[in-house]
Every structure is written in C-alpha cells, then in structure tokens.
Amino acid sequence: GLMRELRVEQSSRQVQTQALMTFLFFVPFFFCGWLAGTIADRLPRRLVMIGADLARAVIVLCLPLWVEWQVRGRGQDLQAGDVVRALLPLLALGVFASFFSPSRQALLPQLVRQDQLVQANSITSGLGTIAAMLSNMIGGVLAGISPRLNFLTDGATFIASAGMVAGIRVPNRTQRAAPAERFLASVSQGVRYVASHRRTGELILLASLFWTAAGIFTSVLPSVVFSRYGLGYAWVGGMRGTLAGG
C-alpha cells in the first residue's frame, strides 16, 4: 500500500524506497530490543502486547493521511526528502513491533508446560510462516485494488490481535516479575549473558546474516517485478510470500 501511495512503480527510486522502508521498520529492533526484553520481564506481558497492537493499529490507519499530506502537489517529482518524511511512521511501527515480539516469546512458556514448550514453539513458528505468506499475497492483491483498503485491513488485523491477546488467560502458577528498581541491573545482566555465551552470540550473528540477505532480496524485488517483468502489486506480494515460505 505504501509503495502505491508513493507511486513507486512509476519512479526510478524503486530499490531505494523499498530499502528505506525495510531499514526504518527494522532499525528499532536493534536499538530497542534490549529495552523491550527487559520491559517484558517487568510489566504484564499481555498488556504490553495489547498496547503495541493498538498503537500500531492507530499508526497504520493514519498512515495514508500522513503520506498524502507529505506528497500532496508533488506529482511525479517526489524528492528523496519527501519519501523519507512520508515513511517516518515506519520507525514508530518498528518500535512497537520490537516491544511486542519479546513479550510474545516470553508469554509462551507461561501458557504451556515445560515438556510442551518445544512443540508450542514449533507450532507458533509454523503458523507465523503461513501467516507471513498469506499476508504478503493478500496484501499485494489489496494494494493493487486500493491502497486505502490495504491500510484498513492491516489496521483491523492489529485490533483483532489485541482482542485475542486480551482473551488469553495466564495460569496463576506464573512467577512474578522482578522489582522495577532492578531494571538497569537486568539490562546489564542480559548484556553480560550474551557476551559470555558463545552459542547465543552465534545465533544473533546467524539471524543478522539472514535478515541482511532477506533485506537485500526484498529491496530489489519491486524493481524486478515492475521494471523487468512489467507486472503489478499482486505479483510483488506473491513473490514476497514465496520468500516467507522459504
């Protein structure tokens, strides 16, 4: 939807625009990840997830109005600064996503027994892959029909997610979070843990390499679809869905 609002298919900045979108969304994970994980250990995780979902719903629903305001009257002569300003809300989306993710991961062990944790992680991972494939494909079709419809659907999914998270009942056997006054100590403890455990560092490095490669592929994809094959947004979503399946 954002690409169509910015008329990316008609510009010479297809790769740059997609790369900027990817960068703005994921960079908060790097800067906020350590903080988000600590907050997930201090605050009720369901409330963190619900708040993150509702905040993202508001941002997504307001995003087309923001983009229209930034590009109004520019025609086909969008400058780099116009595109950057139009995409700045993606930073906020990334921030709230970075808080949602660790809370979701930390909540799962509270909902299942220890001997069920591996199966639960496998199921959620598989469902996440399926959801990513379907959302990319459906999003591409909706973007081809109407960008506004795409944003409305996206916002509705966040609202639905908040409602479903609100319906989760956490067992009473859950341990309470550590006292708030030990917040900074918890952050430094997490940093020391990563530094002293080789396997953890290797996993972080592997994930970094994977997402770097995925980011490069995602950035080039719209240009390949639009310029090389002359296809539309539905095919961009379809090819992204294929990447998610991989």
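The values are calculated or read from the model by the stated rules, or taken from the named source; none is laboratory data. Fair warning: this is a prediction, and the values are worked out from it, not measured in the lab. When we count neighbours, we look across all protein chains shown, and the Cβ atoms used for this are built from the backbone with ideal geometry, even at glycine. To get the accessible areas, we keep the full protein, side chains included, count just its heavy atoms, and leave off ligands, DNA and RNA. Shrake-Rupley method; radii C 1.70, N 1.55, O 1.52, S 1.80 Å.
Numbers for the structure displayed
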{"item": "Qualifying residue in the stretch 85-95 (condition: free of Cβ contacts under 8 Å to residues at least 12 places away in the same chain, open to solvent by 80 Å² or more (accessible area, probe 1.4 Å) and more than 17 Å from the chain's Cα centre (by Cα))", "result": "no"}
{"item": "Any pair with Cβ under 9 angstrom, 6 or more apart, that starts in the stretch 13-25 at a residue that is surrounded by 20 or more Cβ atoms within 10 Å (Cβ to Cβ) and ends at one that is outside any helix (DSSP H, G or I)", "result": "Thr17/Leu6; Thr17/Ser11"}
{"item": "Flag for Asp53 being among the acidic types (Asp, Glu) and at pLDDT below 90", "result": "no"}
{"item": "Pair list, Cβ under 6 Å, 6 or more apart: the stretch 143-162 residue assigned to a helix (DSSP H, G or I), other residue open to solvent by less than 50 Å² (accessible area, probe 1.4 Å) and among the hydroxyl-bearing types (Ser, Thr, Tyr)", "result": "Ala143/Tyr233; Gly144/Tyr233"}
{"item": "Tally of residues being out of contact with any Gly (no Cβ under 6 Å at 6 or more places or on another chain), assigned to a helix (DSSP H, G or I) and either among the small types (Gly, Ala, Ser) or at positive phi (or both) across the stretch 10-62", "result": "8"}
{"item": "Residue within the stretch 65-84 that is within 24 Å of Ser208 (Cα to Cα) and open to solvent by less than 30 Å² (accessible area, probe 1.4 Å) present", "result": "no"}
{"item": "Filter result (open to solvent by 70 Å² or more (accessible area, probe 1.4 Å), in contact (Cβ under 8 Å) with a residue 12 or more places away in the chain and farther than 17 Å from Met239 by Cβ) within the stretch 108-142", "result": "Asn121"}
{"item": "Which numbered condition Val60 fails, given (1) of a type outside the set (Asp, Glu); (2) at pLDDT below 85; (3) touching an Asp or Glu at 6+ places or on another chain (Cβ under 9 Å)", "result": "(2)"}
{"item": "Matching option when the condition is of a type in the set (Val, Ile, Thr) and modelled with pLDDT under 75, among Val15, Val48, Val8, Val27", "result": "Val8"}
